[in-house]
Amino acid sequence: MLHWARHITRGARQRLDALLASSSTDGEMQWGVMSRVGALLEGARAAAGWNHRPQLLVLCYHRVCDVENDPNRLSVSPERFAAHLECLRGRFTPLLLSESVARLARGDLPPRAVALTFDDGYADNVAVAYPLLQRHAVPATIFVATHWIDSAEEFYWDEVERIFLRPGTLPRHLTLDSPTGPRSWDLGHAAVYSAAEWRTDRDWNVQRHSAPTPRHRAFSEVMALLSVLDGKRRGETLRRLREWAGVAPTGRETHRPLRRGEIAALAGDGLTEVGAHSVSHVRLAALSAADQAAEVAGSKAAIEAIIGRPVTSFAYPFGGMAYDNGAVEAVRAAGYRVACTTTPALATRRNSPLKTPRFLVRDWEAGEFAQRVEQWWERRW
Ligand SMILES: [Zn+2]
């Protein structure tokens, strides 16, 4: 039971011995004594600054902004994000991801270590999240999908949202090529979509089971189709979609990806660091070894050319299930030291740094966020 007792301070050890001596000797220690022992050890560990259970909480954000609708649930409002940071500052020890993973491996991670990450590379990471990170002195790592750097286009999931879920009129019928042959959609009455209907449906997100209109069903199905295509075929399909819908490729300022200067600025101070998130945000497990290497090494080289220093952190696109051993090997071969999944777990020394788990954070108010991070930390989820 007390295999860790050798680590506690001498005074605490003496008090522990006294407690144990006062308990019954027939092996049935009373629960009250057990909790007093637990509390005593917790105090001793805190006094010694010793983290008996080396574990790291890594959080995954995407955007910090107020958006009109958020079907992919990527945004946290600035007010709520500030509350998250205040909570983390008060209860945890925020560290840069690269530093925290290195210290986990070395065995000198401080107690209750947390690392923040942002996926994709949205401009609001600089404009909105960065000042809040600075105010609360919380470091963060920004993972950038490099195809969109300086691009006038939106990330493809935002463009598909703009095409299908904004009010307006679309042609009723759509046909797209897919790996299993042509697929067709009929938008029916929802080909014409009013602002009033849009307001009614704006809280819908992809985790809801039912689609309020055929537009929402088409949105989900076209998203699923695009997510299995490689970058080239996805680009062709998006061009076809734009022609069908009669929309320009130029995206909304509110959904803009990061620019080169912003990436250089994020990498230039100690508070934030920039990592790679592939070139074209594809499911690496679906690619050949050569294409995996191009996505993994290509995004590293693109960011290094901007920031003028090595990029050592990577986040697998689509997180949890979209990478395989080949992708992990490509990441290792490219020279990354840390790679993040979205498998919801704490990072420990048992997991490879190239499979660092993370918890996705949603737009939770302060109380719910605090409750969730405590549950994650105590492994009660
Ligand atoms: Zn992503």
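Readers should treat all values here as calculations from the given coordinates under stated rules, not as data from a laboratory. Since this is a predicted model, take the numbers as computed values, not measurements. Ideal geometry is used to build each Cβ from the backbone, glycine not excepted, and the neighbour counts take in all protein chains shown.
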Exposure rule at most 11 other beta-carbon atoms within 10 Å, DSSP loop GluC sites (Glu not before Pro): the chain longest free segment: 69-377
Apply the Karplus curve 6.51 cos²θ - 1.76 cosθ + 1.60, θ = phi - 60°, to the phi angles in the range 125-141 and return the couplings in whole Hz, x for Gly and Pro. 4, 7, 6, 10, 5, 4, x, 6, 4, 5, 4, 9, 6, 10, x, 7, 10
Just to be sure I understand: if I project the alpha-carbon convex hull of the range 156-245 onto a plane and average over all orientations, what area do I get in nm²? 5.6 nm²
Hey, could you get me the Stokes-Einstein D for the chain, Kirkwood radius over alpha-carbon pairs, 10 °C and 1.306 mPa s, rounded to whole µm² s⁻¹? 69 µm²/s
Nitroxide proxy distance, nm - points 7 Å out along Cα→Cβ at R309 and R202: 4.1 nm
Using 0.36 nm times the number of residues separating D108 and A195, minus their current alpha carbon distance, what extension gain do you get? 25.8 nm
Residue-ordered couplings for the range 243-260, obtained by feeding phi - 60° into the Karplus form 6.51 cos²θ - 1.76 cosθ + 1.60 and rounding to whole Hz (Gly and Pro as x), are 4, 4, 7, x, 10, 7, x, 5, x, 7, 4, 5, 10, 5, x, 5, 9, 4
Pairwise label distance in nanometres, L271 with A248, each label 7 Å out on the Cα-Cβ vector: 3.4 nm
Taking the Cα centre of the chain as the origin, how large is its charge dipole in debye, to the nearest 20, when only Lys and Arg (+1) and Asp and Glu (-1) carry charge on their Cβ atoms? 980 debye
Name the long-range amide H neighbours of V274: under 5 Å, sequence gap of 5 or more, or other chain; modelled H, no Pro or chain starts. I142
Exposed loop sites here are trypsin sites (Lys or Arg not before Pro) in DSSP loop states with at most 11 other C-beta atoms within 10 Å. What is the longest stretch of the chain lacking them? 1-349
